Amino acid sequence: MTVTTETKDAMASVRPIRVSIVSPTYNERGNVGELARRLDAVLGATGWEVIFVDDDSPDGTAALVHEMGRADPRVRCLHRVGRRGLSSAVVEGALAASGDLVVVIDADLQHDETIIPKMLVHFDDAAVDLVVGSRHVEGGGLGEWGAARVGISQFATVLAKFVLKADISDPMSGFFAFRRDLMVEALPNLSSIGFKILLDMITSVNRRLTVREVGYVFRNRIEGESKLDNKVIWDFLMLLADKSVGRYIPVRFLSFSAVGTVGLVVHFAVLTLMFKLMGLPFFWGQTAATFVAMTTNFLMNNELTYSDRKLRGRAMLKGWASFVAACSIGAVANVGVAEFLYAGDAEWALSALAGIVVGTVWNYVATAWFTWGRK
Ligand code: GDD
Ligand code: MN
C-alpha cells in the first residue's frame, strides 16, 4: 500500500485517543450536537472520542449521530435495537471505547462537562481508579430540584451506602470517569439492572477502590424529558437486593415474592369488602379475592419482575391464563403440603408457612417457564 502525502497529513492530524466519552441516549436528538460541540471546546487538545449509545430512540437520535460521525470521526454511535436500559448502555459503550479512560455523561446537558479536565487530572495518580462528579462536595449542588426529588435522592443515597465498599458522597451520580480496565474487571459481577451503573461497578469489584470526587452543579434540562419514573425506584431496590443477597437468592424471586406479599394485601382487601362490608357469602368473597389478587399479581409481575420480557397486547391474555393456571396448582400444593405436615403433628403456623414457601416456589418456577419463558 502506498501512503500518499494527503493521507499522511490526515493521519498526522488524528490524535491518538486517550479519553472516550460514553453518553447513553434515549430521545436526545435536540442535545447530542450541542454536547459534542461542548466536548470539543472542553477537551480540544486531548485526544478524545464520544460514543453515544442509543436504544433506537423514536426521535431518530441514532441517525443524527451517524450523520455527525460522517463529518467528525470522533463521534460514534452504538445503535442498540430491541433493548432498553441506561446501565447496560453504559457498559456496552465502555466496552466499545478505544481510550484508556472513560467518562460517562448524560447526553441531556444536565451534567457540567466543564469539570471533565479536572476529573481527568486525577488519573495522573496511578492509584486512582475512579473519579465521580458529585453534587454533594464543595462546588457541587442539586440545582433547581424539587423537595420531593431531593428527599428521594437522599434516601436512596443512604440505602446505597449500606452496600457500598467505598466512601463516596454521591453514589447515585450518573457522571463519572474510570480506567476502562475497571469496567472489564467489574464485568463478571455486574447486575446491569436499572440506572445505577456507578453503584453497580463499585460493588462488583472485589477490592476497595481509590476514588476522587469533583463537585458540579446539576443543571436543568432544556431539551427533551427525563426517563426517570417509578420503575427506576423498583430497579434500584432490586439492584441493592442483588448486591446484598443476590448471591444466595435470585432477585427475580425476591421481586416475585414481594409482589406476592402485596397480592396478599389485595386479597384481604377484596375479601373484607365483599364478606364483611357487603355481607356476601364467604365462598364468593374468597373466590373473587383469589381472582383479583391473581390478576393484580400477574400485572405487577409483568410490569416489575419481568419488565424486560413484558407481555403486551394479546400475549397478555394468554400470559394471564397460564399465570392463573400455574398459581391454582400452586395453591393446591400449598394446602396439600400444609395439611400433610399439620396432620403429621407439626405446629400449625409452621405447617402453613411451609405450604406458602412450597406454593410460592412452584408459582415462581412454573410462571418463569410458562408465562414469561422465551419460546
Ligand atoms: N441508551 C439509553 N437507554 N439511554 C437512556 C435510557 C435507556 O433506556 N434511559 C435514559 N437514557 C439516557 C437519557 O437520554 C439521558 O442522556 C441519560 O440517560 C439520563 O437520563 P435522564 O432521563 O435524563 O435521567 P435523569 O436526569 O432523571 O437522572 C440522571 O441524573 C441522576 C442523578 O445524578 C441520571 O444520570 C441518573 O443516572 C442519575 O442518578
Ligand atoms: Mn437528565
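The values are calculated or read from the model by the stated rules, or taken from the named source; none is laboratory data. Since we're looking at a predicted model, the values are computed, not measured. Virtual Cβ from ideal backbone geometry, glycine too; neighbours counted across all protein chains shown. Ligands, DNA and RNA are excluded from the accessible area calculation, which covers all protein heavy atoms including side chains. Shrake-Rupley method; radii C 1.70, N 1.55, O 1.52, S 1.80 Å.
Per-structure values
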| read-out | value |
| --- | --- |
| Residue among Gly133, Gly143, Gly151 that alone is assigned to a strand (DSSP E or B) and closer than 27 Å to Asp229 by Cβ | Gly133 |
| Those residues of segment 341-356 which are open to solvent by 80 Å² or more (accessible area, probe 1.4 Å) and either assigned to a helix (DSSP H, G or I) or not assigned by TED's automatic domain parsing to the domain that holds Ala331 (or both), in sequence order | Tyr342, Trp348, Leu350, Leu353, Ile356 |
| Candidate set: segment 200-242, residues that are among the aliphatic types (A, V, I, L, M) and near ligand 1 (Cβ under 9 Å from one of its atoms); chosen: the one most open to solvent (accessible area, probe 1.4 Å) | Leu228 |
| Residue check, Gly85 in contact (Cβ under 8 Å) with a residue 12 or more places away in the chain and surrounded by fewer than 16 Cβ atoms within 10 Å (Cβ to Cβ) | no |
| Extreme residue, farthest from Arg179 (Cα to Cα), among residues of segment 108-149 that are aliphatic (A, V, I, L, M) and within 11 Å of ligand 1 (Cβ to nearest atom) | Leu142 |
| Subset tally (residues that are open to solvent by less than 30 Å² (accessible area, probe 1.4 Å) and over 34 Å from the mean Cα position of the chain (by Cα)) for segment 244-287 | 2 |
| Condition met for Gly359 (assigned by TED's automatic domain parsing to the domain that holds Val266 and either over 25 Å from Ala269 (Cα atoms) or of a type in the set (S, T, N, Q) (or both)) | no |
| Residue within segment 145-159 that is of a type in the set (Lys, Arg) and under 20 Å from the mean Cα position of the chain (by Cα) present | yes |
| In segment 162-204, the residues that are touching a residue at least 60 places away in the same chain (Cβ under 8 Å), closer than 17 Å to Val128 by Cα and not in a helix (DSSP H, G or I) | Phe175, Phe176, Ala177, Phe178, Arg179 |
| Test: Asp72 is open to solvent by 10 Å² or more (accessible area, probe 1.4 Å) and at positive phi | no |
| Members of segment 2-36 found to be modelled with pLDDT of 95 or more and surrounded by fewer than 11 Cβ atoms within 10 Å (Cβ to Cβ), listed by number | none |
| Boolean, Glu223 is touching a residue at least 24 places away in the same chain (Cβ under 8 Å), out of contact with any His (no Cβ under 6 Å at 6 or more places or on another chain), within 14 Å of ligand 2 (Cβ to nearest atom) and not aromatic (Phe, Trp, Tyr) | yes |
| Leading residue by the ranking (nearest to ligand 2 (Cβ to nearest atom)) among those in segment 42-64 that are open to solvent by 10 Å² or more (accessible area, probe 1.4 Å), aliphatic (A, V, I, L, M) and under 23 Å from Phe178 (Cβ atoms) | Val42 |
